[in-house]
Amino acid sequence: MHEASYYIQLLLSGITVGSLYALIAIGYTMVYGILRLINFAHGDIFMMAGFFMVYLCTGMSPLVALPLVLIMTVILGVLIERAAYKPLRTAPRMSVMISAIGVSYLLQNLATYVTGGLARAYPEIPGLKNTIQLGSVSVNWITIITPVLTILLVVVLVLLINHTKIGMAMRAVSRDFETAQLMGIKINNVISVTFIIGSFLAAVASVLYFTNYGQVSPMIGAMPGLKAFVAAVFGGIGSIPGAVIGAYIIGVCESFIKANETFSVFSNAFTFALLICVLLFRPNGLFGEKMTEKV
Amino acid sequence: MLKIKDLHVSYGGIRALRGVDLEVPDGKIVTLIGANGAGKSTLLRTISGLVKADSGSITYNDNELLGKPINKVLEEGIAQVPEGRRVFADLTVLENLKVGAYLRKDKAEIEKDIQWVYSLFPRLEERHWQLAGTLSGGEQQMLAVGRALMSRPKVLMMDEPSLGLAPLVVQGIFDIIRTINQQGVTVLLIEQNANMALKIADLAYVLETGVITKTGTGAELLADESIKEAYLGKKKK
Ligand SMILES: Nc1ncnc2c1ncn2[C@@H]1O[C@H](COP(=O)(O)OP(=O)(O)OP(=O)(O)O)[C@@H](O)[C@H]1O
Ligand SMILES: [Mg+2]
């Protein structure tokens, strides 16, 4: 039998992982909400953010590099949308999906080419890995900052979407492209804002994730990306609260399963089993809108 | 004046409009009637910029609108109430109205216009907090009209506003159309309900499979034998 502190530790690490999935999942779910597109390249944007940090830090301190990483990732996300998705706006949705898969491989191959396929050590941001003692539980700063920052960002995002003009436009566009245009909304701007937000959150997640993990490699975006995508589907793709809650459920469950010696190897399989179970009973996910096809 | 000249529009190979000429003089109610598939919605959608034309011209006060982006057409003062209402279901009534004023920046004036729309449709004020998707069909139509008015249009184009509504509600919508027009808004009204549309119209056009086949004042077309037979004879709903 383990002590309570052991379980608290597992819970905390689950919450941390869940937060990271949540930050990535929001990008999937928002883009889906607006474009009905699964942006397969999103996990790779996350990976690229990791490499931006690695390469920027060869010439500057991590704290100076940090804001640059955020900006560069946002630019990358918007550029991808402009170059790979926008030209296909009126094409069948499947074509856009294939374009997204193409971008995903392009980014992975690009990263492989530049790095020679090797993992690179992620720069240490001073202070983040220091541990502190909370009663009988010892945690590092990342574990505390991650969920707090995530919740804060989610709250800001929800306020933005519910109470600002651009948020209102996003909700209108996600409901009805054409009528939104009739109201004078420039959908391309709204779509860009969506990619800005998604990429920004992915960049934040990358800093937290790689600081903990210690290294970046070209394929590393795939697994967290996939988990976050599952979280988004689990919560009901298109729904931001759904994606966040789905991410936390997956993160915490995963943390407990990984701690079990017998089952730990199945932790990834578990994620998908959970998804299948939920979708059997709730085909639209926990908070999903009824899947009205876009008109 | 909104002027359409020799407008051709096609979808793939299907020619939906084949040389349409139509004029909407300022301050008037102009109606366009025609059977299903005649191309009425296509015309409105082309004016708004949602559909690209093959050739022809659409001018408003001598400004060419063809080729302009959708938001620019709206900025010129031409708003559309789309077919089937298309309110934003998961926005509140008030938010729908605000989206209608999306291009405007004059906050105080927007607030006044919200009150103006409420005075036209008191029901919307009662329900301003409600999600638009939960409104009744008639209320949604009121909202769709109110939302279009929020852009302060000079020309309001309405695509079958009476579709699927009970006779009493339809009467209400037509009363409002007249009121809006009296307040200075030019109206281009598409209707299958030819009888009522012709009664309030100053000017009327008949569209058949992509061409205008008849034009005249509302009263003239109401009295026209062939129109009576085709559009007024049996009460088509
Ligand atoms: N997006 C589209 N793609 C292909 N064909 C279309 C499209 N939209 C309309 N059409 C065709 O163009 C023709 C005119 O359609 P339109 O919707 O303008 O008719 P309408 O007069 O508004 O009819 P209704 O009274 O039924 O609304 C029809 O034959 C229709 O099938
Ligand atoms: Mg129509």
Inset, instruction - Of all residues in segment B:70-109, count the ones that are open to solvent by less than 60 Å² (accessible area, probe 1.4 Å), part of a helix (DSSP H, G or I) and within 11 Å of another protein chain (Cβ to nearest Cβ). - result: 10
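Only one of A:VAL31, A:VAL54 is touching a Gly at 6+ places or on another chain (Cβ under 9 Å) and of a type outside the set (Asp, Glu). Can you tell me which?
Values: A:VAL54 fails: touching a Gly at 6+ places or on another chain (Cβ under 9 Å).
Answer to the check: A:VAL31.
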Inset, instruction - Out of the residues in segment B:2-57 that are on the phi > 0 side of the Ramachandran plot and more than 8 Å from ligand 1 (Cβ to nearest atom), state the one that is most open to solvent (accessible area, probe 1.4 Å). - result: B:ASP6
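Here's the yes/no breakdown for (1) open to solvent by less than 90 Å² (accessible area, probe 1.4 Å); (2) free of Cβ contacts under 8 Å to residues at least 24 places away in the same chain; (3) touching a strand residue (DSSP E or B) at 6+ places or on another chain (Cβ under 6 Å):
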| site | (1), (2), (3) |
| --- | --- |
| A:MET97 | yes, no, no |
| A:GLY102 | yes, yes, no |
| A:TYR113 | no, yes, no |
| A:ALA119 | yes, no, yes |
| A:ILE132 | yes, yes, no |
| A:GLY135 | yes, no, no |
| A:LEU153 | yes, no, no |
Legend entry - helices (runs of 4 or more DSSP H) lying entirely in segment A:1-115 (those with 3 or more residues that are closer than 21 Å to A:ASN189 by Cα): A:4-35, A:62-80, A:93-115
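If I filter segment B:86-102 for residues that are away from ligand 1 (no atom under 16 Å from the Cβ), of a type in the set (D, E, K, R), modelled with pLDDT of 95 or more and farther than 30 Å from A:ASN189 by Cα, do I get at least one hit?
Scanning segment B:86-102, I find no residue that is away from ligand 1 (no atom under 16 Å from the Cβ), of a type in the set (D, E, K, R), modelled with pLDDT of 95 or more and farther than 30 Å from A:ASN189 by Cα, so the answer is no.
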Legend entry - Residues (within 15 Å of the chain's Cα centre (by Cα) and free of Cβ contacts under 8 Å to residues at least 60 places away in the same chain) located in segment B:157-173: B:SER162, B:VAL170, B:ILE173
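Residue by residue through segment A:39-88, note down the ones that are β-branched (Val, Ile, Thr) and either in contact with an Asp or Glu (Cβ under 9 Å, 6 or more places away or on another chain) or open to solvent by 10 Å² or more (accessible area, probe 1.4 Å) (or both).
At the first step, the residues of segment A:39-88 found to be β-branched (Val, Ile, Thr) are A:45, A:54, A:58, A:64, A:69, A:71, A:73-75, A:78, A:80.
Correct list: A:VAL54, A:THR58, A:VAL64, A:ILE71, A:VAL74, A:ILE75, A:VAL78, A:ILE80.
Would you check which residues across segment A:79-95 are among the hydrophobic types (A, V, I, L, M, F, W, C) and farther than 16 Å from A:LEU106 by Cβ and list them? It would help to see each step written out before you state the result.
To start, the set of residues in segment A:79-95 that are among the hydrophobic types (A, V, I, L, M, F, W, C) comprises A:79-80, A:83-84, A:88, A:91, A:94.
Within segment A:79-95, A:ALA91, A:MET94 qualify.
Does A:PHE270 fit the bill of being open to solvent by less than 60 Å² (accessible area, probe 1.4 Å), modelled with pLDDT of 90 or more and in contact with a helix residue (DSSP H, G or I) (Cβ under 7 Å, 6 or more places away or on another chain)? Don't jump to the end; show me each part of the working.
Details: open to solvent by less than 60 Å² (accessible area, probe 1.4 Å): yes; modelled with pLDDT of 90 or more: no; in contact with a helix residue (DSSP H, G or I) (Cβ under 7 Å, 6 or more places away or on another chain): yes.
In short, no.
What number of residues in segment B:174-191 are under 14 Å from B:TYR118 (Cα atoms), within 14 Å of the chain's Cα centre (by Cα) and open to solvent by 10 Å² or more (accessible area, probe 1.4 Å)?
Filtering segment B:174-191 down to residues under 14 Å from B:TYR118 (Cα atoms) leaves B:176, B:179-180.
From what is left, the residues that are within 14 Å of the chain's Cα centre (by Cα) are B:176, B:180.
In the following step, the residues that additionally are open to solvent by 10 Å² or more (accessible area, probe 1.4 Å) were identified as B:176.
Final tally of qualifying residues: 1.
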Legend entry - Test: A:GLY33 is within 18 Å of A:GLY77 (Cα to Cα), of a type outside the set (Asp, Glu) and buried (at least 19 other Cβ atoms within 10 Å of the Cβ): yes
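Do the conditions hold for B:ALA197, that is, is it among the small types (Gly, Ala, Ser), modelled with pLDDT under 95 and open to solvent by less than 10 Å² (accessible area, probe 1.4 Å)? Working first, answer last.
Working: among the small types (Gly, Ala, Ser): yes; modelled with pLDDT under 95: yes; open to solvent by less than 10 Å² (accessible area, probe 1.4 Å): yes.
Taking the combined requirement at face value, the residue satisfies it.
Looking only at helices (runs of 4 or more DSSP H) that lie completely in segment A:213-290, which have at least 1 residues being under 21 Å from A:ASN39 (Cβ atoms) and of a type in the set (Ser, Thr, Tyr)?
Working: elements: A:222-235, A:240-259, A:267-281.
Once the helices (runs of 4 or more DSSP H) in segment A:213-290 are filtered for at least 1 residues that are under 21 Å from A:ASN39 (Cβ atoms) and of a type in the set (Ser, Thr, Tyr), what remains is A:267-281.
Are any residues in segment B:136-154 part of a loop (DSSP other than H, G, I, E, B), out of contact with any Ser or Thr (no Cβ under 7 Å at 6 or more places or on another chain) and farther than 21 Å from A:ALA180 by Cβ, and if so, which ones?
Here is the first cut: in segment B:136-154, the ones part of a loop (DSSP other than H, G, I, E, B) are B:136, B:150-154.
Remaining after also requiring out of contact with any Ser or Thr (no Cβ under 7 Å at 6 or more places or on another chain): B:136, B:150-153.
Hit for segment B:136-154 is B:SER136, nothing else.
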Inset, instruction - For residues that are in a loop (DSSP other than H, G, I, E, B) and among the hydrophobic types (A, V, I, L, M, F, W, C), scanning just segment B:35-57, find the one that is farthest from ligand 2 (Cβ to nearest atom). - result: B:ALA53
Legend entry - Hits in segment A:193-241 - residues which are aliphatic (A, V, I, L, M) and in contact with a strand residue (DSSP E or B) (Cβ under 7 Å, 6 or more places away or on another chain): A:VAL216
Legend entry - Failed item in (1) surrounded by fewer than 19 Cβ atoms within 10 Å (Cβ to Cβ); (2) assigned to a helix (DSSP H, G or I); (3) more than 11 Å from chain A (Cβ to nearest Cβ), with B:GLY133 passing the rest: (3)
Inset, instruction - Output the number of the condition that B:GLY67 fails; it satisfies all remaining conditions of (1) within 16 Å of ligand 1 (Cβ to nearest atom); (2) over 13 Å from B:ASP159 (Cα atoms). - result: (1)
Inset, instruction - Say whether the condition of being touching a residue at least 60 places away in the same chain (Cβ under 8 Å), within 16 Å of ligand 1 (Cβ to nearest atom) and open to solvent by 60 Å² or more (accessible area, probe 1.4 Å) is met by at least one residue in segment B:211-226. - result: no
Inset, instruction - Could you tell me whether any residue of segment A:247-255 is of a type in the set (Asp, Glu), at pLDDT below 85 and touching a Gly at 6+ places or on another chain (Cβ under 9 Å)? - result: no
Legend entry - Given (1) more than 22 Å from B:TYR205 (Cα to Cα); (2) in a strand (DSSP E or B); (3) of a type outside the set (Lys, Arg), index of the condition B:MET157 fails: (1)
Inset, instruction - Working only within segment B:143-170, note down all residues that are open to solvent by 40 Å² or more (accessible area, probe 1.4 Å) and more than 16 Å from ligand 2 (Cβ to nearest atom). - result: B:ARG152, B:LYS154, B:ALA166, B:PRO167, B:LEU168, B:VAL169
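If you go through segment B:16-34, how many residues are assigned to a loop (DSSP other than H, G, I, E, B) and either touching a helix residue (DSSP H, G or I) at 6+ places or on another chain (Cβ under 7 Å) or within 16 Å of ligand 2 (Cβ to nearest atom) (or both)? Let's see the steps before the verdict.
Taking segment B:16-34 first, the residues assigned to a loop (DSSP other than H, G, I, E, B) are B:25-28, B:34.
Subsequent filtering for residues that are either touching a helix residue (DSSP H, G or I) at 6+ places or on another chain (Cβ under 7 Å) or within 16 Å of ligand 2 (Cβ to nearest atom) (or both) retains B:34.
The qualifying residues number 1.
The values are calculated or read from the model by the stated rules, or taken from the named source; none is laboratory data. Just so we're clear, the structure is a prediction, and the values are computed from it rather than from any experiment. Cβ: placed from backbone, ideal geometry, glycine included. Neighbour counts: every protein chain shown. Each accessible area value is taken on the protein alone, full model and side chains, heavy atoms only, with ligands, DNA and RNA left out. Shrake-Rupley method; radii C 1.70, N 1.55, O 1.52, S 1.80 Å.
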